[in-house]
Structures are given as structure tokens and as C-alpha cells.
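Quick notes on the structure that follows.
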Amino acid sequence: MPDICDLILDDHEIFRRRFAELDGERESEVSALCALWAPLAEHLERHANAEEDLFYPALLRRGSDAEEETDDAIRDHNKIRDAVRRVADAQPGTDEWWTAVQDAREENSDHMAEEERGPLADFRRNAGDGVRGDLGLRYVSFNSEHAGGRQVDTTDKDPRQFIEEHSPG
Ligand SMILES: [Fe+2]
């Protein structure tokens with residue numbers, strides 16, 4: 001069974017590599033920049049949506065620091081979504097575009113580091129293999145159902161409302 005914690009870490013590794021690849025493309029054609037950025041943007045959005053559908057609701061059902069960790073994560077996801085939207089609004093290859101890409105990278109890097117130390121580590125310690133495997137399967141299904149950004153929810157979430165909706169009792 002695929003463990004959801006491993007699958008999330010796999011995505012994080014892909015993000016680090018895809019952002020690093022952009023470093024070598026400063027002088028590249030707009031078409032090359034778009035070819036690299038479009039799938040990365042799509043993956044960032046789908047990843048946040050998958051975590052909000054599967055991982056954070058499951059964390060809220062068990063972790064002791066779950067509310068604080070979820071609050072931080074939703075705020076971070078909103079910041080990443082905001083930067084991705086700013087990239088989409090900018091002309092590819094311009095300073096404004098690169099600044100927005102850099103903002104997305106910074107927000108995402110900070111978020112991944114925090115998520116790996118906090119909620120992911122907690123969940124690996126506190127949720128059983130069966131739960132992590134079941135969520136892993138659902139994570140795989142989510143990604144195939146929403147491949148290419150199909151019906152991915154890219155809207156910002158209110159952290160308080162999200163926690164209320166998904167907290168037990
Ligand atoms: Fe996340």
C-alpha cells in the first residue's frame with residue numbers, strides 16, 4: 001500500500017527539482033519557460049487540493065497539534081496559490097514573471113520544510129500503517145481523477161472555517 005506521507009514527500013522532491021530546473025532557463029525562450037512552468041503550476045495546485053481533501057482532514061481527526069498545523073498549512077497554501085496566480089497574470093520571461101515564480105518557490109519551500117517537520121512527522125508517528133495506506137490509495141486516485149488540473153479546486157480557504165468543517169465532534 002502506498003503511504004500518503006511518502007507520496008507527499010515524493011511530490012515535494014519533484015517540486016524542488018522542477019524549480020531548480022528553472023534556474024538554468026533565465027535566458028530561454030518564452031515557449032520553454034511556459035513548457036516548464038505550466039506543469040509545475042498545475043502540480044502545485046493539485047497537490048494543495050489533494051492535501052486539503054485527504055491529509056489535513058485525517059490529521060485533524062488525530063494529531064494533538066493538528067489545529068495549529070492545519071491553520072499554518074492552509075495559510076501557506078493560500079500564499080502559494082496567490083503567487084501562482086501572479087505568475088499567470090504576468091508576461092512570461094519578464095522581471096514581474098520571474099519575481100512571482102521566485103515568490104511561489106519561497107512560499108512553497110518554507111511550507112514544505114514546515115510540513116515535513118510538523119504534520120507529516122506527526123502523522124507518521126501517530127497514524128497506523130493501515131490508515132496511511134488507505135489514504136495513500138485515495139491520494140493516488142485523486143491524482144488520476146484530477147490529472148492535468150481537471151476540476152482542481154484552486155480557491156483560497158479560510159483556515160478557521162476549514163478546521164471547523166473537518167474537526168471531529
Ligand atoms: Fe502542503
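The values are calculated or read from the model by the stated rules, or taken from the named source; none is laboratory data. Here the structure is a predicted model, which means the values were calculated and not measured. Neighbour counts are summed over all protein chains in view; Cβ atoms, including those assigned to glycine, are modelled from backbone coordinates with ideal geometry. When the accessible area is computed, the model is the full protein with side chains, heavy atoms only, and any ligands, DNA or RNA have been set aside. Shrake-Rupley method; radii C 1.70, N 1.55, O 1.52, S 1.80 Å.
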Checklist entry - Picking from 138, 125, 105, 132, which residue would you name as being in contact with a helix residue (DSSP H, G or I) (Cβ under 7 Å, 6 or more places away or on another chain) and over 16 Å from residue 54 (Cβ atoms)? => result 105
Checklist entry - In the list 105, 117, 160, 125, which residue meets the criterion of being under 19 Å from residue 72 (Cβ atoms) and at pLDDT below 95? => result 125
Checklist entry - Take the residues of the stretch 37-68 that are open to solvent by 30 Å² or more (accessible area, probe 1.4 Å) and of a type in the set (Asp, Glu): which is nearest to the ligand (Cβ to nearest atom)? => result 53
Checklist entry - When you look at residue 86, is it away from the ligand (no atom under 16 Å from the Cβ) and either open to solvent by 80 Å² or more (accessible area, probe 1.4 Å) or in contact with a Phe, Trp or Tyr (Cβ under 6 Å, 6 or more places away or on another chain) (or both), yes or no? => result yes
Next on the checklist: Could you tell me how many of the residues in the stretch 30-53 are more than 13 Å from the chain's Cα centre (by Cα) and touching a residue at least 60 places away in the same chain (Cβ under 8 Å)?
Outcome noted: 3
Checklist entry - Taking the stated definitions as given, is residue 127 away from the ligand (no atom under 16 Å from the Cβ), open to solvent by less than 70 Å² (accessible area, probe 1.4 Å) and over 16 Å from the mean Cα position of the chain (by Cα)? => result yes
Next on the checklist: Taking the conditions exactly as written (surrounded by fewer than 19 Cβ atoms within 10 Å (Cβ to Cβ), in contact with a Pro (Cβ under 6 Å, 6 or more places away or on another chain), of a type outside the set (Phe, Trp, Tyr) and over 27 Å from residue 28 (Cα atoms)), does residue 166 satisfy them or not?
Outcome noted: yes
Checklist entry - residue 40 versus (1) touching a Lys or Arg at 6+ places or on another chain (Cβ under 6 Å); (2) under 30 Å from residue 164 (Cβ atoms): which is the lone unmet condition? => result (2)
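Yes or no, residue by residue, for (1) polar (S, T, N, Q); (2) open to solvent by 40 Å² or more (accessible area, probe 1.4 Å); (3) in a helix (DSSP H, G or I):
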| position | (1), (2), (3) |
| --- | --- |
| 80 | no, no, yes |
| 101 | no, no, yes |
| 108 | yes, no, yes |
| 113 | no, no, yes |
| 121 | no, no, yes |
| 131 | no, yes, yes |
